[in-house]
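The values are calculated or read from the model by the stated rules, or taken from the named source; none is laboratory data. These figures come from a predicted structure and were not determined experimentally. Positions of Cβ are backbone-derived with ideal geometry, glycine not excepted, and every protein chain shown enters the neighbour counts. Remember, those area values only see protein heavy atoms, side chains included, never the ligands or the DNA or RNA. Shrake-Rupley method; radii C 1.70, N 1.55, O 1.52, S 1.80 Å.
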Amino acid sequence: MEATKYELAQIKEAALQNNNSDWQELAFSCIDLTTLNSTDTVSHVKAFTERVNDFENDYPNLPNVAAICVHPNMVRTVKENLKDDHVNIAAVAGGFPGSMSFIEVKVKEARMAVDYGADEIDIVLPLWAFLDNDDIICREEITTIKEAIGEAHLKVILETGALADSEKTRHASMLAMESGADFIKTSTGKMSPAATPDAALEMCIAIKDYHRKTGKKIGFKPAGGISTTEDAILYLTIVSEVLGEEWLKPSLFRIGASRLANNLLSDLLDEKIKYF
Ligand SMILES: O=C[C@H](O)COP(=O)(O)O
């Protein structure tokens, strides 16, 4: 089986070697800077967006983050305030984080987020169906939401911490990609375990298999609990080892994180920084 070709222990060794400023900058440029708290307010999201606007002036030698990721009702605030055209707006939708709603509501929520300005929509695989082996419902939901959001990119969160084994992770990955996911994402960040290197490895192998079969390049987004530079470089290294350097760019790799940016920045600039 393919998985045996990749030894996590060796990838971890390679990640130690990769932990330099080039890789740290690359990791920073792939961040979906996330605020997904139930206490998020319009004023908080506005201030959060303004930090991203200011970043280019404050750190002209560094790339900005790839996207700001918020709840769907906060998309409008980001859209009204975001000045950097290169930073995308991502919204979680579809009954995030549980996916426990009606398909009609999920579609409407995802579509409304796009109408308010989201470039990317992050939905959760309906685990309530997947864990009952009801692939048909899962495929229908993803396909329907994909169709409803038009040109916006769709990320499907597998919530790998809820999947029993690597086979399930591989199966969920394939199902999501076959149903129209532009990215597959590990976790919501709302349950434990969240992102893990083992799940990331399985998902990257599935992306590679899918690319071999179809020629389509699907992106990968580890998210949930990723807060240190070392974590970020490890996920980049997994992608590099399995999928190759071609995947090491924001169009095919993101890290969803609420706490990582300050730590990466601190390591890049060699001083403790709390910017975001
Ligand atoms: O989608 C992104 C995650 O919710 C972020 O999780 P985190 O707050 O643990 O970094």
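Applying the Karplus parametrisation 6.51 cos²θ - 1.76 cosθ + 1.60 with θ = phi - 60° to the phi angles of region 174-181, what ³J(HN,Hα) value in whole Hz is obtained for each residue in order, glycine and proline being reported as x?
4, 4, 5, 5, 5, 8, x, 5
Over the chain, what relative contact order in percent results from Cα pairs under 8 Å that are six or more residues apart?
For the chain, the relative contact order is 20 percent.
Which whole-Hz couplings ³J(HN,Hα) result when phi for each residue of region 194-205 is put into the Karplus expression 6.51 cos²θ - 1.76 cosθ + 1.60, θ = phi - 60°, listed in order with x for Gly and Pro?
Each residue of region 194-205 in turn: 9, 5, 9, x, 4, 5, 4, 4, 4, 5, 5, 5 Hz.
Looking at this model, which pairs from K108/K168; K155/K274; K155/K249; K83/K190; K190/K274 are more than 21 angstrom apart at the alpha-carbon?
K108/K168; K155/K274; K83/K190; K190/K274
So which chymotrypsin sites (Phe, Trp or Tyr not before Pro) in region 67-170 pass both tests, a DSSP loop state and at most 10 other Cβ atoms within 10 Å of the Cβ?
F102
Collect residues whose amide H, placed 1.01 Å from N in the peptide plane, falls under 5 Å from the amide H of I157; neighbours closer than 5 in sequence don't count.
I123, V124, L125, K185
Where in region 1-89 are there trypsin sites (Lys or Arg not before Pro) that are in a DSSP coil and have at most 16 other Cβ atoms within 10 angstrom of their Cβ?
K83
Run lengths n ≥ 4 of DSSP H only: what is the helix-derived mean residue ellipticity at 222 nm for the chain, with -39500 (n - 2.57) per run over all residues, to the nearest 500?
-15000 deg cm²/dmol
What ³J(HN,Hα) values, in whole Hz, does the Karplus curve 6.51 cos²θ - 1.76 cosθ + 1.60 give for region 85-98 when θ = phi - 60°, with x put for Gly and Pro?
Values per residue, Gly and Pro as x: 5, 7, 8, 7, 10, 10, 10, 6, 7, x, x, 3, x, x Hz.
Rolling a 1.4 angstrom probe over the protein heavy atoms, how many square angstrom per residue are accessible across the chain?
Accessible surface, normalised per residue, equals 44 Å².
Using the crude model of +1 on Lys and Arg Cβ and -1 on Asp and Glu Cβ, and no other charge, please compute the dipole size for region 2-268 relative to its Cα centre, in debye to 20.
Magnitude of the dipole: close to 300 debye.
Which listed residue (T143, I123, A113) has the Cα farthest towards the positive end of the charge dipole for region 98-144, taking +1 on Lys and Arg C-beta and -1 on Asp and Glu C-beta about the Cα centre?
Of T143, I123, A113, it is A113.
Starting from the Cα gyration tensor of region 9-79, take the square roots of the eigenvalues, sort them a ≥ b ≥ c, and report rounded, prolate or oblate (rounded when a/c is under 1.5, otherwise prolate if a/b is larger than b/c, else oblate).
Here region 9-79 falls in the oblate category.
At 7 Å along the Cα-to-beta-carbon direction for both D198 and T228, put a label point, then send me their distance in nm to one decimal.
1.9
Where does the chain land on Rg(C-alpha)/(2.2 N^0.38 Å)?
Dividing the Cα radius of gyration by 2.2 N^0.38 Å gives 0.95.
Once neighbouring chains are kept in place and the probe is 1.4 Å, which whole percent of the accessible area of region 2-268 is contributed by carbon and sulfur?
C and S atoms contribute 48 percent here.
Spin-label point model (7 Å from Cα, Cβ direction): what's the I136 to E151 distance in nm?
3.6
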